[in-house]
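Data block below; observations after.
The values are calculated or read from the model by the stated rules, or taken from the named source; none is laboratory data. Just so we're clear, the structure is a prediction, and the values are computed from it rather than from any experiment. Cβ placement follows ideal geometry from the backbone for every residue including glycine, while neighbour counts extend to all protein chains displayed.
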Amino acid sequence: MNSPMFTPSQRQVFIWVLIAFLVCVVLWALSPVLTPFLLGAILAYILQPGVAALTGKRIPRSLAALLMMLLLVTLVTLLVILVLLVAQQEGPQIKIQVPLLLAKLHDVLQPRLNALGIDVNLDFNGIKDLVTNQFAMSTSTIMGAAWTSIRTSGNVAMTVVGNLVLTPLVLYYLLYDWNRMLERVENAIPRQWLPKTLALATEIDQMLSQYLRGQLLVMGVLAAYYAIALTVARFEVALPVGIFTGLAVFIPYIGFAIGLVLALLAAMLQFGTLYGFGAVAVIYGVGQVLEGFFLTPRLVGERIGMHPLAVIFALLAFGQLFGFFGVLLALPMSAIILTGLREIRRIYLSSALYRN
């Protein structure tokens, strides 16, 4: 009698792997609606230590969760106010400076083109009028037009409203039931796998904690540096642009790029000379050196041990799957995936397949 192809234990493992695969397929198919749940889970993980500290002081867990959510909303609101301050202050300057810059560009280019025999009549006056009319709108008018555009697009409106409503709900219930959910997950793990699973979860928790807490320190130091350096360089929007740049480095590459563009725009509008661009180049160059060679190694260590190309791929991949929030969640989720891959690599290197 032929022996069975799989032992009962192997068949059970195969069934559970198949179930896990099907769950991943379903999650991938539902990825457009998973953003608030994924964002809520990441925020709950970040805020959970604060909730635990408050409950340790005999504050009810429900109230502790609400207090930490209020703190998060306050910080996000302050960041939005910073961006609006920059837009409100630079808007009138754009209206004044851009036509002047276009007029200077016309005076420089037109004679040189004529000297080269290039008979091109650049309609700088028309461009200037167009730009002036575009920036004649106030900040509130631009925001109103953006809201009208979102409201008239049903899918976009549903997505925005869904994220704004669901994310706080998911965050609250996760914070409130955090310990019970962990107990349920632990009770569902097969007993023989429990020690290894807990060790893997501990490794993931340590990696994420090191990254998130270290990154918060980096953000605070850089926010202070950019605000002080831009103030010394006599930038009128030094405080909002500097603080925004420091906080935006939480989004690798993209955050720094946005802060750099805002600073260059401020330099162009306020100074209109090479001094402004030179000051931005020096300040942001020193900031990059400070972050890359001192703050990150000292405060974050090696972060999550990802190659820069892997970081860029993670940003693009999670952005494609989950939109803007996917970019925010790319590195924390990559840390979890990377820990799992390291464990798989350890198992493979100790297997007979590799050694023999």
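Observations, loosely collected:
- Any hit, segment 303-318, residues being loosely packed, with under 13 Cβ neighbours inside 10 Å, modelled with pLDDT under 80 and among the charged types (D, E, K, R): no
- Test: residue 59 is under 28 Å from residue 326 (Cβ atoms) and modelled with pLDDT of 80 or more: no
- Filter pass, residue 216 being part of a helix (DSSP H, G or I) and surrounded by 17 or more Cβ atoms within 10 Å (Cβ to Cβ): no
- Hey, residue 73 exposed (fewer than 12 other Cβ atoms within 10 Å of the Cβ), within 30 Å of residue 317 (Cα to Cα) and at pLDDT 85 or above or not: yes
- Screening the candidates 51, 86 for the property of being in a helix (DSSP H, G or I), under 30 Å from residue 321 (Cβ atoms) and modelled with pLDDT of 65 or more yields one hit, 51.
- Residues of segment 208-232 satisfying the condition of being among the polar types (S, T, N, Q) and without any contact (Cβ under 8 Å) to a residue 24 or more places away in the chain: 209, 231
- Taken together, the residues in segment 233-289 that are in contact (Cβ under 8 Å) with a residue 60 or more places away in the chain and in a loop (DSSP other than H, G, I, E, B) amount to 7.
- Residue 227 surrounded by 14 or more Cβ atoms within 10 Å (Cβ to Cβ), part of a helix (DSSP H, G or I) and either among the β-branched types (Val, Ile, Thr) or modelled with pLDDT of 80 or more (or both): yes
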